[in-house]
Amino acid sequence: MVENVSTEIKQYIVVKLGNEQYGIDIQYVENIVRMQRITRVPKAQEYFKGVINLRGEIVPVMSLRMKFELEPDEFTGKTRILILKLEQQSLVGVIVDEVKEVVNLDEDSVEKSSYDANDEKSQYLAGIGKHNDNLISLLNISEIIVEKEKEKEA
């Protein structure tokens, strides 16, 4: 008798920030666009780069590098803006150094990350994915984006 074990497979877009690889759940990715002119918004957080005009819609753009307190962005020909859409939220763009590939990860190849209440950045990770011989930090996009909304209201 063969047991039918179904494991959920999720697709992630793998992006690079510096030498690190991060995975973003593909269900949140609305679009990927080339780097373009970003209009600065006065008195915004440092990691909030400004807004872009995407086919007539104004989209706020944030730097994941700055959000994670890494070195400032260096824009190259590979730099992209991922346009993300969360339920009940308007579009948000995040700047990444490079978009690598789309990977399929099943539950067995993802280690859930433990949340450390003393380290606010640990909430940004949903887990670590293992793909071939690479480790991919899987981002908890809603924590990264929603926190931005909370800060704006404060």
The percentage of the accessible area of the chain (probe 1.4 Å, all protein chains present) made up of carbon and sulfur atoms, to the nearest whole number, is 45 percent
Count neighbours as other Cβ atoms within 10 Å of each site's Cβ, and list the GluC sites (Glu not before Pro) in segment 22-72 that are DSSP loop with at most 14 such neighbours. E46, E69
Of the listed links K10/K43; K16/K43; K43/K112; K67/K112, those spanning more than 26 angstrom between alpha carbons are K10/K43; K16/K43; K43/K112
Could you tell me how many degrees, from 0 to 90 and to the nearest 10, lie between the Cα long axis of helix 141-153 and the main elongation axis, the longest principal axis, of the Cα atoms of the chain? 30 degrees
Where is the GNM fluctuation largest for the chain (alpha-carbon springs, 10 angstrom cutoff): I24, I38, I83? I38
Given backbone amide H placed at 1.01 Å from N, residues whose amide H is under 5 Å from that of Q21, ignoring those fewer than 5 places away on the same chain, are S137
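The values are calculated or read from the model by the stated rules, or taken from the named source; none is laboratory data. All values derive from a computational prediction rather than experimental measurement. A quick note on method: Cβ atoms are made from the backbone with ideal geometry, for glycine too, and the neighbour counts reach across all protein chains shown. What goes into the accessible areas is simple: the full protein's heavy atoms, side chains included, and nothing from ligands, DNA or RNA. Shrake-Rupley method; radii C 1.70, N 1.55, O 1.52, S 1.80 Å.
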